[in-house]
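The values are calculated or read from the model by the stated rules, or taken from the named source; none is laboratory data. In this text, all values refer to a predicted model and were calculated from it rather than measured experimentally. Methodologically, a virtual Cβ is constructed for each residue, glycine included, from the backbone with ideal geometry; neighbour enumeration extends over all protein chains shown.
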Amino acid sequence: MDLAKFVKEVLNAPYYRTRPHEVMRYAYAKWVYQKHRMEDPLEFLRQLGVDPKVAMDGYERWRPMLADACQRIKDRSGLQGGISMEDGAVLYGITRSMRPKNVIETGVAAGMSTSFISAALLENGTGELISIELPVDQAHAGQWDGCHFAWPDSGVGWAIPQSIKEGIANRHTLVLEDVRTALPRILAGMKSLDFFFHDDLHVPSHMRWEYDLVYPKLSPGGFLLSDDADYGWVGFCKSLGLPDSSFNNIQRLTGLRKPLTAAKPAVNGSLAAKGAQLA
Ligand SMILES: C[S@@+](CC[C@H](N)C(=O)[O-])C[C@H]1O[C@@H](n2cnc3c(N)ncnc32)[C@H](O)[C@@H]1O
């Protein structure tokens, strides 16, 4: 771990500045993710129980325009927060292999994750995406994680390739509202959710709240993925009794697949979801 970078990150984040014990947990979580880090998106998909061949079907058609969008984001000044091509391949692969009826993502910014998920939904020819992002007048408000994103200058989702934007328009809902009010309401109106991707506010208590809220709504065989996993994911996986493989990650993008069969109650009364992630 790069100590200087870690100290700078912690000092920049109001959340950690005021919670010294959380800093220790964050350092521990970073060490855990370092130990379980993977480089190859296809290997990551495989350990989630996804066949990479099925997952990456059609990807080559979209890859050049997605790479171009990634590059346009890199070339911009200011914090854009977009996911990498490797992370994007994972989102495409899960969406393509599962053919979800519905997907929710939190945190849109310039729109990289939206682009990868939408490309796979277009390839599938079915499935809807709901994206939740702050309204523009709240986006610059000081955030707990110290991040100030630059997307309000160019518009939310500004990097999404035009053909993806137009293609997915009828199956995409952009909700500009704080996720803390939007997500509970949206989930309450759904019978079940096939795929959830977290990429909004990166502080452990908020992320844990999202995972806990989403997991019961996840359909059997559904996926819960999280970017920038921290101690929130560690605590969540421990509460479900998951094995260490649930900390496998690519650049701290991690996730699990909900078991297809109902979990047995654990001794402590919580749901035992051991084996949720196919090792
Ligand atoms: C890391 S960026 C998202 C990057 C995006 N997923 C991509 O791949 O391009 C995080 C985003 O979460 C948004 N965000 C932060 N707190 C939020 C909240 N409480 N509700 C909704 N969105 C939030 C920020 O405005 C920011 O645009």
Residue pairs qualifying under the 6 Å Cβ cut-off, at least six apart or on distinct chains, with the first in the range 70-81 being on the phi > 0 side of the Ramachandran plot and the second being at pLDDT 95 or above, are GLY81/ALA109
A careful count of residues in the range 226-236 that are outside any loop (DSSP other than H, G, I, E, B) and either buried (at least 23 other Cβ atoms within 10 Å of the Cβ) or touching an Asp or Glu at 6+ places or on another chain (Cβ under 9 Å) (or both) gives 5
Of the residues in the range 129-166 that are part of a helix (DSSP H, G or I) and of a type in the set (Gly, Ala, Ser), the one that is surrounded by the fewest Cβ atoms within 10 Å (Cβ to Cβ) is SER163
Result of the Cβ filter at 7 Å on the range 199-213, keeping first residues that are under 14 Å from ASP178 (Cβ atoms) and touching a residue at least 60 places away in the same chain (Cβ under 8 Å) and partners that are within 11 Å of the ligand (Cβ to nearest atom) and assigned to a helix (DSSP H, G or I), at least 6 apart or interchain, is ASP200/VAL179; GLU210/LEU183
Per the filter on the range 46-72, residues among the acidic types (Asp, Glu) and over 21 Å from ILE164 (Cα atoms) are ASP51
Filtering the range 91-117 for residues that are part of a helix (DSSP H, G or I) and either modelled with pLDDT under 95 or within 12 Å of the ligand (Cβ to nearest atom) (or both) leaves a count of 7
How many residues of the range 119-140 are within 12 Å of the ligand (Cβ to nearest atom) and among the polar types (S, T, N, Q)? The answer is 2
Within the range 146-199, of all residues that are of a type in the set (Lys, Arg) and either closer than 30 Å to ASP75 by Cα or under 18 Å from the mean Cα position of the chain (by Cα) (or both), the one farthest from the ligand (Cβ to nearest atom) is ARG171
For the range 98-109, pairs from a residue that is closer than 16 Å to GLU210 by Cα to a residue that is assigned to a loop (DSSP other than H, G, I, E, B) and near the ligand (Cβ under 7 Å from one of its atoms), with Cβ under 7 Å and 6 or more apart or across chains, are GLU105/ASP199; THR106/ASP199; THR106/ASP200; GLY107/ASP199; GLY107/ASP200
HIS21 passes all but one of the listed conditions (1) within 22 Å of the chain's Cα centre (by Cα); (2) exposed (fewer than 12 other Cβ atoms within 10 Å of the Cβ); the exception is number (1)
Expected single match for assigned to a strand (DSSP E or B) and within 18 Å of THR95 (Cβ to Cβ) among THR173, THR126 is THR173
Exception for GLU39 within (1) in contact with a Phe, Trp or Tyr (Cβ under 9 Å, 6 or more places away or on another chain); (2) surrounded by fewer than 13 Cβ atoms within 10 Å (Cβ to Cβ) falls at (1)
Given the conditions (1) at pLDDT 95 or above; (2) within 12 Å of the ligand (Cβ to nearest atom), every one holds for GLN143 apart from (1)
